[in-house]
């Protein structure tokens with residue numbers, strides 16, 4: 001095994017451990033956050049604000065963190081992103097204590113940095129060049145989030161019990177686990193990523209005589225304009241995330257309206273998150289072997305089944321749960337394959353630059369979905385929300401057909 005492969009494997013292990021810990025805060029932000037938003041604002045229409053500000057935060061943090069990574073390396077970028085998430089969780093607890101809704105939104109916005117960190121970690125898995133393992137590497141790091149992300153919502157009950165013992169407001173106890181997990185995640189990234197994977201990759205490029213370019217949004221957009229595969233990957237990732245956030249963020253509100261308690265809601269969200277992450281290594285391997293574009297299409301077909309099941313079965317707890325699980329699987333296939341396609345279709349000197357823009361657009365799309373989801377739920381119920389969520393799915397399907405007709409066959413074959 002070469003030295004590069006050894007460093008690559010060690011990097012994957014460290015990133016995976018950091019993702020395990022960071023995942024503990026994932027369920028709390030969107031599910032409990034939506035319940036807190038409704039409680040503090042006094043209206044269901046604002047319930048989607050949790051998803052909106054979390055994904056908006058992730059969108060706005062994505063580009064600064066990617067630029068920090070490009071300039072200083074992945075270690076400081078990932079560690080600082082996790083540190084911001086810690087302050088966000090503490091502000092959420094304070095906001096609930098003093099019952100101040102704007103402060104809740106600020107805390108959730110800062111928690112978005114944790115999401116941006118997790119997204120950047122999946123691309124960090126591909127910093128060190130190992131041919132033919134792009135999808136597999138991304139899939140393994142995404143999969144590592146499963147442990148914390150699935151366990152997190154099931155800690156709602158224990159978190160509430162701990163919060164009650166400490167005299168904390170209702171629904172804030174689980175954020176204590178978020179704080180503890182993010183502290184551990186910060187330490188893992190800071191002390192574990194040695195050598196820094198991005199700095200190591202940049203040194204390989206420098207030794208090969210590749211100049212280090214200045215990064216900017218303009219150059220990223222120029223790269224996307226000239227690269228149809230990368231452009232398609234970015235749009236697929238963004239729109240797939242919009243579908244997932246809009247439906248998932250409103251599910252806790254819908255289930256609570258049906259009379260289910262927080263434990264049942266937590267179980268449903270756990271299965272959804274398991275769908276998002278548990279099979280991501282399989283999705284990555286299939287993306288490398290079957291093809292990245294076919295896997296994106298499979299993801300959209302899974303979305304179709306998910307939205308039909310949850311929408312038509314809106315009054316049945318188990319059908320909603322099955323629909324949410326399928327929703328997670330659709331996100332997994334689309335995001336892992338789309339991320340692998342983006343990494344494999346970009347020149348080395350533009351990867352970090354375009355990846356930051358992609359993560360930003362992904363989360364802006366999610367913020368848009370979360371922003372309108374509450375109003376759609378209030379107007380046309382859960383079934384109507386699932387129907388509206390079909391629009392991005394149809395858009396990706398049309399983009400896939402267009403790419404299949406217009407792309408150069410050699411370009412598509414090279415991305416497989």
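Every number in this text was worked out from the coordinates using simple rules, so none of it is lab data. Predicted model, so just to flag it, every value in this text is computed and none were measured. Positions of Cβ are generated from backbone atoms using ideal geometry, with glycine treated the same way; all protein chains shown enter the neighbour counts.
State the extension gain, in nm to one decimal, for the chain segment bounded by residue 282 and residue 402, taking 0.36 nm per residue of separation less the distance between their alpha-carbons. Kindly include the intermediate steps, with their values, before the conclusion.
Details: separation 120, 0.36 × 120 = 43.20 nm, distance 2.70 nm.
Full extension of this stretch gives 40.5 nm more.
Computed from Cα positions, the angle between helix 317-344 and the longest principal axis of the chain comes to roughly 20 degrees. Across all C-alpha atoms in region 257-416, the radius of gyration and Dmax reach 17.1, 55 Å. Once the chain from residue 170 to residue 100 is taken as fully extended at 0.36 nm per residue, the excess over their C-alpha distance is 23.8 nm. Summarising the label geometry, the points placed 7 Å from Cα in the beta-carbon direction at residue 289 and residue 267 lie 3.5 nm from one another.
Could you give the length gained on full extension between residue 43 and residue 3, defined as 0.36 nm per residue of separation minus the Cα-Cα distance, in nm?
Additional length available on full extension: 8.7 nm.
R0 = 25 Å: FRET efficiency of residue 312 with residue 395, Cβ-based, nearest 0.05? That pair, residue 312 with residue 395, gives E of 0.65. With neighbour counts taken as other beta-carbon atoms within 10 Å, the residues 241, 8 rank, fewest first, as 8, 241. Sorting the segments 70-81, 110-121 by their mean number of nearby beta carbons within 10 angstrom, highest to lowest, gives 110-121, 70-81. Legend: P(r) of the chain from all alpha carbon pair distances, 20 Å bins from 0, whole percents, reading 30, 59, 11, 0.
Just order 254-263, 98-107, 278-287 by mean Cβ neighbour count inside 10 Å, highest at the front, would you?
Numbers: 254-263: 15.7, 98-107: 17.6, 278-287: 23.2.
Peptide ranking by packing, descending: 278-287, 98-107, 254-263.
Over region 211-323, one equal point on each Cα, no solvent: what is log10 I(q)/I(0) by the Debye formula at q = 0.13, 0.15, 0.18, 0.23 Å⁻¹? The Cα Debye sum returns log10 ratios of -0.65, -0.79, -0.98, -1.28.
Relative to the longest principal axis of the Cα atoms of the chain, the long axis of helix 174-192 lies at roughly 20 degrees. Debye-formula intensities of region 177-273, expressed as log10 I(q)/I(0) at q = 0.17, 0.21, 0.22, 0.24 Å⁻¹, are -1.05, -1.08, -1.09, -1.12 (one equal scatterer per alpha-carbon, no solvent).
Here the simple spin-label model places points 7 Å from the Cα toward Cβ, and for residue 222 and residue 183 these points are separated by 4.6 nm. Taking Cα atoms, how many degrees apart are the long axis of helix 351-388 and the longest axis of the chain, rounded to 10 and kept between 0 and 90? For 351-388 against the chain, the angle is about 30 degrees. From largest to smallest, the equivalent ellipsoid semi-axes obtained for region 38-102 from the alpha-carbon gyration tensor read 29, 14, 6 Å.
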